[in-house]
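Notes follow the structure.
The values are calculated or read from the model by the stated rules, or taken from the named source; none is laboratory data. These numbers come from a predicted model, not from an experiment. Cβ atoms come from the backbone with ideal geometry, glycine included; neighbour counts cover every protein chain shown. Surface areas here come from the heavy atoms of the whole protein model, side chains and all, with no ligands, DNA or RNA. Shrake-Rupley method; radii C 1.70, N 1.55, O 1.52, S 1.80 Å.
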Amino acid sequence: MIELATPWALALLPLPLLAYWLLPAHRQRLAALRLPFFQRLVEAAGVSVPRGRQRSPLARLTQPLVWGLIVLALARPEKLSEPIVWQSAARDLILAVDISGSMDESDLIDAEGEPRQRLAAVKEVIADFVADREGERLALIVFGSRAYVQAPLTEDLKTLTTLLDQTEVGMAGPHTALGDAMGLAIRQFEASDVEQRLLILLSDGADTGSRMSPINAASIAAERDVRVITIAMGDPQGSGENRVDSETLEAIAETTDGAFFTATDQQALAAIYARIDELAPREVATHSYREHRSLSHWPLALAAVLVLLTLVLDRRQLARSRTAGAPPGGKADARTDATEKRSTSRGDNAQEGTP
């Protein structure tokens with residue numbers, strides 16, 4: 001498929017005709033010597049004098065063609081390839097994982113009925129969840145006493161999983177800064193231009209050291225269209241920082257039109273991640289692209305060939321006309337000798353007739 005990138009350039013086609021009709025002809029005054037007997041002098045010399053150089057028929061044909069080719073090049077003809085279509089996820093997802101000291105507890109039961117460390121069980125389930133996110137951008141935030149971006153929004157899920165495996169309990173401090181983790185996630189979403197933004201927040205303790213309260217952070221998230229899904233891990237009947245503040249987590253989910261879950265064992269945690277796609281199905285954006293290959297060089301090259309061809313043929317025609325108009329050397333010399341003899345004989349007769 002071929003199309004013009006700047007078709008408005010075709011409006012320049014009648015420009016030479018407008019210039020010919022509207023602009024005055026170029027005139028130049030030159031110094032000259034008038035000879036009243038110039039024509040007889042030319043006839044006596046036996047040469048032909050052109051009255052002016054006229055455009056050859058070939059030039060009259062090629063000039064409008066060359067102009068049309070130049071205008072066509074300005075219109076930028078392009079060859080378009082077949083549409084190249086690909087899809088990308090229209091959702092950005094951030095995982096915020098609590099790695100405070102309480103995540104070292106071994107009270108999550110695996111499929112074999114054996115107790116597992118909380119963080120180890122979370123890593124295993126999250127790894128399976130991330131593996132199914134092909135084509136999506138994910139980020140990883142870990143938090144304890146402070147919140148840190150372990151991996152920014154990226155499609156490199158393998159690296160994100162590796163960074164998650166390297167995370168250990170207590171790396172971010174022993175306490176739980178739930179509100180700060182949400183605030184950091186909101187700032188990460190500021191670099192996102194997709195419509196669907198999802199934050200999965202996993203915690204096993206109550207907020208104890210945030211500079212921003214979780215409820216205020218949830219209100220800001222709702223204003224910026226960030227949906228929060230909260231997962232509580234731990235004992236709601238516990239004490240101190242080991243107590244899961246289910247009410248706050250549930251309020252966060254409700255404020256942001258999200259969902260709240262409680263994970264009592266590793267199987268329940270895996271089921272929660274399976275339900276996330278049902279609650280927030282992944283949206284796919286379809287993109288298409290056509291490769292544009294410029295063809296402007298072809299009309300320009302053809303115009304250059306026509307100009308060169310016209311110049312060569314015009315020079316040959318001019319050389320032939322000059323050769324055909326010049327008299328043979330012997331004949332011109334004979335006429336010159338005859339003229340000189342007549343002039344001499346007239347002079348002699350004039351001298352003889354003088355007394």
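Summary of values
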read-out	value
Burial ranking of peptide ranges 141-151, 59-69, 22-32 (average Cβ count within 10 Å, highest at the top)	141-151, 59-69, 22-32
Exposure ranking of ILE231, ILE215 by accessible area [1.4 Å probe, largest first]	ILE215, ILE231
Solvent-accessible surface (1.4 angstrom probe) belonging to ILE70, in square angstrom, nearest 10	60
Segment 60-156, accessible area per residue, ligands and nucleic acids excluded (1.4 Å, Å²)	46
Bins of 10 Å, starting at 0 and running to the largest distance - Cα pair percent for segment 1-142	8, 15, 13, 10, 9, 8, 9, 7, 7, 6, 4, 3, 2
Nearest-10 value in Å² for the accessible area of SER81, using the 1.4 Å probe	30
Area of LEU15 that stays accessible when all protein chains are in place (1.4 Å probe, Å², to 10)	90
Extended-chain gain in nm, criterion 0.36 nm per residue less alpha-carbon gap, LEU65 and LEU41	4.4 nm
Residue-span extension gain [ALA251 to ARG27] - 0.36 nm each, minus C-alpha spacing	71.6 nm
